[in-house]
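Visitor: Sending over a structure as structure tokens; questions will come in a sec.
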């Protein structure tokens, strides 16, 4: 308060709750009853203006309140989406899910369990790996996930007790490449007789043809008759 006219500029984004009957040009109470419209950390500053041509006395007082507790987590978010991979291959990088508040800020105090499962399942695949992970600093990382069947448009769904669930972006798994030649090695103990000689230890060899096709032929070793 002051015994002369005083101007007051409150901090931005603050709304006075109640000016009261003491709010006039000499007594300012706006700062005592102002609140910020949105949540978050602030550094409020009030500015008092005095007329140097009219000296006077003034008194200012301030009350510091303890900060409110951080907002609680309300929903889950995929912070690292699943990427395309081969059927049966580990999804890499690791899928990550965070617990966030209504403002979209990760709540580092959250340490609950987050569960992940298949959402959209276009090819009847099975999700393998560790599917329940305890969050650390509000984030759970799933580093061993894989899907056995190839398909396009898979999604994952993350859930946690008391929080709204989250669905990932769609991703795909492709078939693994297989060798074109079905050659097999015959059993070492197998033997046949041919022209009075024993043929032992047949070995199959892959031979690449002119058009990059593979064919198989047998290479045998002749052993003297018993």
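Nothing in this text is a laboratory measurement; each read-out follows from the coordinates by a stated rule. Keep in mind that what you see is a predicted model, and the values were worked out from it rather than measured. Cβ placement follows ideal geometry from the backbone for every residue including glycine, while neighbour counts extend to all protein chains displayed.
Visitor: Can you name every residue in the stretch 85-100 that is part of a loop (DSSP other than H, G, I, E, B) and within 15 Å of the chain's Cα centre (by Cα)?
Guide: Those that are part of a loop (DSSP other than H, G, I, E, B) and within 15 Å of the chain's Cα centre (by Cα): 91, 92, 93, 94.
Visitor: For residues that are assigned to a loop (DSSP other than H, G, I, E, B) and over 19 Å from residue 112 (Cα atoms), tally how many sit in the stretch 134-154.
Guide: 5
Visitor: Something else now. Restricting attention to the stretch 132-147, which residues are surrounded by fewer than 16 Cβ atoms within 10 Å (Cβ to Cβ) and closer than 24 Å to residue 174 by Cβ?
Guide: If the condition is that a residue be surrounded by fewer than 16 Cβ atoms within 10 Å (Cβ to Cβ) and closer than 24 Å to residue 174 by Cβ, then 143, 144 are the ones that fit.
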